[in-house]
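Let me begin by presenting the structure, written as structure tokens, before commenting on it.
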Amino acid sequence: MTFASLGLAEPLLRAVAETGYSTPTPIQAQAIPLVMAGGDLLAAAQTGTGKTAGFTLPMLHRLNATGQPSRAGHPRALVLTPTRELAAQVEESVRTYGKFIKLKSMTVFGGVGINPQIKALRGVVDILVATPGRLLDLISINAVKLDQIDILVLDEADRMLDMGFIRDIRKILALLPAKRQNLLFSATFSDEIKALADGLLNSPGLVEVARRNTANELVSQSVHLVDRDKKRELLTHLIREGQWQQVLVFTRTKHGANRLAEKLTQDGIEAAAIHGNKSQGARTKALAGFKDGSVAVLVATDIAARGLDIDQLPHVVNFELPNVPEDYVHRIGRTGRAGCEGEAVSLVCVDEFKLLKDIEKLIKQPIRQFTVPGFEADLTVKPEPIIMGRQQQPRQGGNGRQAQKPSQQAKPHSPKSGGGQGKANPDQGRAKRPVAKVAPSSTAQRVPADRSPKPVVSKPSTAKSGPVSKPGRPVAALLK
């Protein structure tokens with residue numbers, strides 16, 4: 001199958017050819033014909049499988065085919081995303097694939113000034129890519145109206161729900177025409193997503209490329225058992241010995257991301273942190289450095305990294321395991337994209353054995369374990385509980401706008417408030433469950449999860465079968 005066989009317009013095929021792609025991915029091959037036919041769609045696939053082109057290409061095809069001009073401030077297509085970075089990348093894809101047709105697009109999100117966005121919306125915009133909070137701010141001052149929307153796309157819908165955007169989404173849906181095409185894309189089909197789809201979609205086509213909550217088979221997964229106070233030294237060792245050139249590292253907290261980036265820089269490894277407390281300018285600069293190779297290590301929190309779409313990223317490291325097992329699947333899905341192999345390494349101390357067990361249960365497979373000579377974990381150390389703090393409602397999404405609790409009365413938006421520029425912390429998302437203490441002997445291994453194995457000691461890091469990866473691959477570019 002080729003893109004031409006899907007029936008896309010010639011200008012779109014020319015743009016696709018310029019990007020170097022010739023064969024559609026499974027999600028594209030199934031979704032594009034359904035969207036071009038005009039029906040609603042519920043689609044799920046692992047990250048990195050081409051979901052963005054799966055809706056941007058047929059959306060451009062349909063809007064171009066109608067020949068209907070847009071009115072200033074009245075877009076015909078709306079794409080909602082949970083984070084600033086994802087919004088920017090989706091709009092970049094729209095411009096890339098639509099370069100030979102006369103359709104205009106723009107993106108709006110918080111963290112930057114609202115006035116330039118107001119000015120741009122006074123002109124004609126066919127396709128608007130937005131985060132929910134900033135969009136509602138613009139609607140509240142009549143900078144944009146949604147009464148001409150023909151196509152609505154909810155991208156990364158599962159994460160938008162996780163980040164507390166459901167109330168904002170419902171407000172936006174109430175402003176849309178009743179007759180429209182709805183496309184809902186998600187990494188998984190959770191029960192919450194199915195409930196949202198039931199109320200939004202009309203007899204949708206269903207596309208599910210991957211099994212629910214599965215890890216990408218192109219990603220090689222491993223666990224390195226190490227004491228918590230030796231993790232940073234081990235990470236430095238792995239990067240140097242493996243000659244890793246591009247590494248995305250995950251931490252649980254913003255403070256931890258900052259501290260780790262500083263320590264790696266002190267070790268002579270160029271590193272930068274990206275999280276919700278960073279300004280949009282700092283986040284953009286860090287991503288640009290990671291793209292051009294001047295920054296070898298990008299240290300990120302879960303929500304900040306959700307929208308990162310990095311082509312051929314070779315290495316992902318879990319410096320700390322996530323508290324929610326599903327986030328592990330999202331993290332390692334940053335590598336092994338677009339048919340390329342990737343490596344996911346988790347640095348696990350005794351405190352995290354319970355988290356590791358939960359992850360293995362979710363992905364239905366054990367993760368191979370190693371210890372690196374000189375960095376062996378002391379399994380006699382009593383684990384410390386992972387303190388989660390009191391449970392709370394999601395406070396803010398990736399667009400920098402605080403999400404309201406269900407009990408709160410919705411307040412009108414004002415441009416003076418800064419909209420999406422609020423200082424609330426976007427990395428404190430969903431409420432997380434407390435983690436039980438783990439007995440020191442409860443180490444994990446490549447055996448069923450209900451047994452208590454002993455760690456496996458690997459060969460020295462220079463051996464091919466050891467924990468150190470092969471030399472780093474060429475620095476990759478962001479997916480268009």
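Please state which of the following conditions GLU91 fails to meet, knowing it meets all the rest: (1) farther than 24 Å from GLY276 by Cβ; (2) surrounded by 20 or more Cβ atoms within 10 Å (Cβ to Cβ); (3) of a type in the set (D, E, K, R).
Evaluating GLU91 over (1) farther than 24 Å from GLY276 by Cβ; (2) surrounded by 20 or more Cβ atoms within 10 Å (Cβ to Cβ); (3) of a type in the set (D, E, K, R) leaves (1) as the failure.
Looking at the stretch 16-34, is at least one residue under 25 Å from LEU173 (Cα atoms) and surrounded by 21 or more Cβ atoms within 10 Å (Cβ to Cβ)?
yes
Answer yes or no as to whether PRO366 is modelled with pLDDT of 90 or more and part of a loop (DSSP other than H, G, I, E, B).
In short, yes.
Among the numbered conditions (1) small (Gly, Ala, Ser); (2) crowded, with 18+ Cβ neighbours inside 10 Å; (3) at pLDDT 90 or above, tell me where GLY164 comes up short.
(3)
If PRO82 passes every condition in (1) surrounded by 17 or more Cβ atoms within 10 Å (Cβ to Cβ); (2) in contact with a Leu (Cβ under 8 Å, 6 or more places away or on another chain) but one, which one does it miss?
(2)
Confirm whether ALA272 is of a type in the set (Gly, Ala, Ser), surrounded by 15 or more Cβ atoms within 10 Å (Cβ to Cβ), outside the structural domain of GLY111 (by TED's automatic domain parsing) and modelled with pLDDT under 95.
When the stated conditions are applied, ALA272 passes them.
Take PRO412 and tell me if it is at pLDDT below 60 and touching a helix residue (DSSP H, G or I) at 6+ places or on another chain (Cβ under 7 Å).
Judged against the criteria, PRO412 is a match.
Could you grab me the full set of residues in the stretch 176-196 that are aliphatic (A, V, I, L, M), surrounded by 15 or more Cβ atoms within 10 Å (Cβ to Cβ) and under 26 Å from VAL329 (Cβ atoms)?
LEU183, LEU184, ALA187, ILE193, LEU196
Kindly indicate whether GLU18 is over 14 Å from VAL153 (Cα atoms), out of contact with any helix residue (DSSP H, G or I) (no Cβ under 9 Å at 6 or more places or on another chain) and assigned by TED's automatic domain parsing to the domain that holds LEU128.
No: the conditions fail for GLU18.
Yes/no per residue for (1) modelled with pLDDT of 90 or more; (2) within 30 Å of LYS51 (Cβ to Cβ); (3) not small (Gly, Ala, Ser):
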site: VAL226; (1), (2), (3): yes, no, yes
site: ASP229; (1), (2), (3): yes, no, yes
site: ILE239; (1), (2), (3): yes, no, yes
site: GLY242; (1), (2), (3): yes, no, no
site: LEU248; (1), (2), (3): yes, yes, yes
site: ASN258; (1), (2), (3): yes, no, yes
site: ALA286; (1), (2), (3): no, yes, no
site: LYS291; (1), (2), (3): no, yes, yes
site: SER294; (1), (2), (3): yes, yes, no
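List pairs: first residue in the stretch 45-67 and at pLDDT below 90, second residue surrounded by fewer than 21 Cβ atoms within 10 Å (Cβ to Cβ) and charged (D, E, K, R) anywhere in the structure, Cβ distance under 7 angstrom, at least six positions apart or on different chains.
none
State all residues of the stretch 324-363 that are assigned to a loop (DSSP other than H, G, I, E, B) and either closer than 16 Å to ARG228 by Cα or more than 25 Å from the chain's Cα centre (by Cα) (or both); if no residue qualifies, say none.
CYS349
What helices (runs of 4 or more DSSP H), lying completely within the stretch 1-109, carry at least 3 residues that are within 21 Å of the chain's Cα centre (by Cα)?
26-36, 51-66, 84-97
Pick from CYS349, CYS340: which is at pLDDT 90 or above and either outside the structural domain of PRO26 (by TED's automatic domain parsing) or more than 20 Å from GLU156 (Cβ to Cβ) (or both)?
None of the others qualify; the one that does is CYS349.
The values are calculated or read from the model by the stated rules, or taken from the named source; none is laboratory data. Since the structure is predicted, the reported quantities are computational estimates derived from the model, not experimental observations. In this analysis, Cβ positions are derived from the backbone assuming ideal geometry, glycine residues included, and neighbour counts consider all displayed protein chains.
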